[in-house]
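The values are calculated or read from the model by the stated rules, or taken from the named source; none is laboratory data. Predicted model only: the values in this text are computed from it and were never measured. All Cβ positions, even for glycine, are placed from backbone atoms using ideal geometry, and neighbour counts span all protein chains on display.
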């Protein structure tokens, strides 16, 4: 897997680098003893590397059989797996499978299935902790509905968290979705919910770790 910096992070990284240079250069010149500016420099370097790490964007290719496969949209931990009523698009019962991302995970979002994008809508909302169940319906979020190649419909919901303040959605109604492509990006910690048909064969459980674009989480009937 090749890794690059996601385009969503370029402005933030260059801006942060400029700010850190402006702060650390005068400190190194004027502050004594020298140990103080050196400490500032080390802390700044660690913080900068953490931000760069957050915006890494691995190039991934799903190596399994894509036919009826549902692949995790994100890196993270499975925090919800239950039957719910999806009332925005499906208007029916579905299996909600939610993956929570920490600030240390890759935050690019992949399409979970191949198919046709039927619906995309952004909702303003609150910024509660993303691991709370009600964050799926009350937090800032974007909803994407996809019709799989077998005709079944899935809903993917990008959910902002207490730290995440911006959801980016690339998916557009009428376009094709492909497992190896990004559907969007969520900045600084959040979760993604996938609503599966009730007859889908779920292949993960609560607490499992997933890799976006790689881990097969379900198989459609």
Considering only region 189-203, I want to know if a residue exists there that is closer than 23 Å to residue 86 by Cα and in contact with a helix residue (DSSP H, G or I) (Cβ under 6 Å, 6 or more places away or on another chain). yes
Could you check how many residues of region 165-210 are in contact with a strand residue (DSSP E or B) (Cβ under 8 Å, 6 or more places away or on another chain) and not in a strand (DSSP E or B)? 21
Hey, residue 57 under 30 Å from residue 154 (Cα atoms) and not in a loop (DSSP other than H, G, I, E, B) or not: yes
Index of the failed condition, residue 187 passing every other in (1) crowded, with 23+ Cβ neighbours inside 10 Å; (2) under 12 Å from residue 109 (Cβ atoms): (1)
Give the residues of region 211-221 that are touching a strand residue (DSSP E or B) at 6+ places or on another chain (Cβ under 8 Å) and assigned to a loop (DSSP other than H, G, I, E, B), sorted by residue number. 212, 213, 214, 215, 220, 221
Filter result for residue 162 (modelled with pLDDT under 95 and assigned to a strand (DSSP E or B)): no
Among the residues that make up region 128-142, is at least one of them in contact with a helix residue (DSSP H, G or I) (Cβ under 8 Å, 6 or more places away or on another chain) and at pLDDT 95 or above? no
Looking at 109, 53, 65, 105, which is the one that is under 18 Å from the mean Cα position of the chain (by Cα), within 24 Å of residue 214 (Cα to Cα) and free of Cβ contacts under 8 Å to residues at least 40 places away in the same chain? 105
If you go through region 79-102, how many residues are assigned to a strand (DSSP E or B) and in contact (Cβ under 8 Å) with a residue 24 or more places away in the chain? 15
